[in-house]
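Remarks on the structure that follows.
The values are calculated or read from the model by the stated rules, or taken from the named source; none is laboratory data. In this text the structure is predicted, and so the values were computed from the model without any measurement. Positions of Cβ are backbone-derived with ideal geometry, glycine not excepted, and every protein chain shown enters the neighbour counts. Note: areas computed on protein heavy atoms with side chains; ligands, DNA, RNA excluded. Shrake-Rupley method; radii C 1.70, N 1.55, O 1.52, S 1.80 Å.
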Amino acid sequence: MSDTMPIEEYLLKGGMLTSPDNVPPRYRGELLRLMASFVDSELAGAAGFADTINDAPGIKERIASAKIVLEKTDHAGRVLEIMGSFGADTGRYAVHHPWNARMTRETDIGAARQGGDMRLSVFHYPLQGWVDAVAMNVLMGTASTIQLRELTHISYQPLADVFRAILPREAHHTELGIEALKRIVENDEGSKSAREAIAYWRPRVAASFGLAASARYETLARFGLRHTPNEALLSEWQAAVNAQLAALNLN
């Protein structure tokens, strides 16, 4: 403990680490877990969305979908590169799991991890057609933007820099989703389908924020790997989503 306390005090005061060489073992484990969750979620999200490109109703929508798939995969690659500096086998990582594997729609796994990868639980549920994919993209995209903004303050400088570069592109994915959702709700049938999809995805995306009063959050906060509690991020997301849906008459 005497070895790690000076590091914890340094991190608590906003200190930054810059290299795998000066990272203590417990910090290293938590950092790798955090990076794996991001990479696995991006790869699983991209794989699921790739399957919906052919459901897109027009060329503009297909281009937007393909752009999201491309950039999410690129984001995973950028963080995976940092994992490689800690010794992760980056060569086999991307093909190690069936990223497009999904559970049934009716399954309820809460926030629990499943199987052999570290994706957020929401990426275990299947998309069903274009409207469903757009609704999920808007809700989860808004969540990802809030979660990424939190991670831009992470105490491992190389990763914070990558997250800062990724953030505006992930935010743009949400904007593309909102544009598509606006077109969907131009008629009553589209609005009905959108409401059904939102009702399905909203609690599943909410679960991705984790538990309130989380002991895990306290550990990450001590290392400067988190700064805002889960419940505060969830509340911010709920407010943002309420505003988005109100603007589209979907509340």
### Task
Could you please find all residues in region 7-54 being acidic (D, E) and within 13 Å of G224 (Cα to Cα)?
E8, E9, E30
### Message
Cβ contacts < 8 Å: first residue closer than 16 Å to V138 by Cβ, restricted to region 220-243; second residue open to solvent by 30 Å² or more (accessible area, probe 1.4 Å), any location; separation 6+ or different chain. Result?
### Response
V241/R202; N242/N251
### Query
Where residues in region 116-175 are without any contact (Cβ under 8 Å) to a residue 60 or more places away in the chain and basic (K, R), which of them is nearest to L233 (Cα to Cα)?
R149
### Query
Would you pick out the residues in region 1-28 that are in a helix (DSSP H, G or I) and surrounded by 13 or more Cβ atoms within 10 Å (Cβ to Cβ)?
I7, E8, Y10, L11, L12, P20, R26, Y27, R28
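The rows are residues; the columns are (1) within 12 Å of the chain's Cα centre (by Cα); (2) not hydrophobic (A, V, I, L, M, F, W, C).
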| site | (1), (2) |
| --- | --- |
| M140 | yes, no |
| T145 | yes, yes |
| I154 | no, no |
| L159 | no, no |
| E170 | yes, yes |
| V185 | no, no |
| S193 | no, yes |
### Query
Among the residues of region 84-100, is any in contact with a His (Cβ under 8 Å, 6 or more places away or on another chain) and part of a helix (DSSP H, G or I)?
no
### Query
Out of K67, K60, K72, which single residue is of a type in the set (D, E, K, R), closer than 21 Å to D132 by Cβ, assigned to a helix (DSSP H, G or I) and more than 23 Å from the chain's Cα centre (by Cα)?
K60
